[in-house]
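Worksheet: one structure, shown below.
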């Protein structure tokens, strides 16, 4: 199960992502961005070297070593001579990692068998092109892009993609570049979570020369541009987490959320549950704390111990891992003393067996392509917003209490 490769550099796709990102932003990566990319890379291979990371991140080896030290001190990776390793040696009490994959989510009715519409081929015989603009490298988006490529290929189309950034970058420049493709038939994209950036992107979408499908983003509340979208149903996901906790006897549950483009949706879903029912006592909700913010993670653990919660809902995976590490240093074990459910579901199989809510990147990518094909085939159809439920993967980090 664990990747046994050593001394492996970034893949061509990862190197291209980093190169494109630096080209687009014209700046050095921020420490948080570098550290996110290091953690993301360690979800796909077990070992990285300082030299490889310096090249991928376009920075110095001294800076990389400093980042690795910060992440190691937070308990998110293991330092080794010349580089770092993922925490793949962590096992369950039974001595083995729990299964990392669950059954795929079926596509919604009416989507799975949509063929490539006739009449969109280039006059010169070129394959129709699907443009893709999704955020910078992470453990989630590359899998979505791979699924988009696979599905497009099965339908006779090809994909042209560029990565956007979570930072302040003009996404319309990327979209203008994609729009120059002569055989472009549609675009799949995820606008920035920053309102000041997203406003221009949504304006571009409103005047797009081809159909657009938006993935993992809702349109602005008072926006006038209505396009098809495909999203993880995070509101239903947190309901799954709440039910799982309750089934194991937990009613006093805390929550902590990193600052990500989807954290607001997840947090709102949790608050809806608390407002609609009195079955859960949630003494605190902490947000905006990153996993490598050691003082912030210590503060979360202080709250856990001081309030006596028996369970925690956490986003993201790495924040959950950091919390578990600090709990154990304080003499508290997971799940014996504190149960955890993490919302991400990608990093934990190679690091720590936590019960997770995981978005299905393969299904999201496939449904995006088929939704786009349906829009091309029937431009006047009603706008569709498709939600894919996340899967709850039980890896035993929720204990049953009396």
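Given the Cα-Cα distance of residue 194 and residue 69 and 0.36 nm per residue of separation, how much length would full extension add, in nm?
Numbers: separation 125, 0.36 × 125 = 45.00 nm, distance 2.98 nm.
Contour length minus Cα-Cα distance gives 42.0 nm.
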Pop a pseudo-label 7 angstrom from the Cα along the beta-carbon direction at both residue 170 and residue 277 and give the gap in nm to one decimal.
4.9 nm
Extension length gain for residue 80 and residue 61 (0.36 nm per residue less Cα distance), in nm, is 5.4 nm
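Please label the shape of the range 234-359 as rounded, prolate or oblate, based on the square roots a ≥ b ≥ c of the eigenvalues of the alpha-carbon gyration tensor (a/c under 1.5 means rounded; beyond that, a/b larger than b/c means prolate, else oblate).
On the way: a/c = 1.36, a/b = 1.16, b/c = 1.17.
Here the range 234-359 falls in the rounded category.
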Computed label-point distance, nm, for sites residue 51 and residue 402 using a 7 Å Cα→Cβ extension
6.0 nm
Below 8 Å between Cα atoms, with a sequence gap of 6+, how large is the relative contact order for the range 234-359 in percent?
25 percent
Kindly state, to the nearest 0.05, the FRET efficiency for residue 28 paired with residue 251, given R0 = 45 Å and r defined as their beta-carbon distance.
0.45
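What is the packing order of peptides 312-325, 295-308, 245-258, taking the mean over residues of other C-beta atoms within 10 Å and listing the highest first? Working shown, then result.
Numbers: 312-325: 27.9, 295-308: 16.0, 245-258: 19.7.
Output ranking for 312-325, 295-308, 245-258: 312-325, 245-258, 295-308.
No value in this document is a laboratory result; all are computed from the given coordinates. Computed from a prediction, not measured in an experiment: that's the story for all the values here. All Cβ positions, glycine included, derive from the backbone under ideal geometry; neighbour counts span all protein chains shown.
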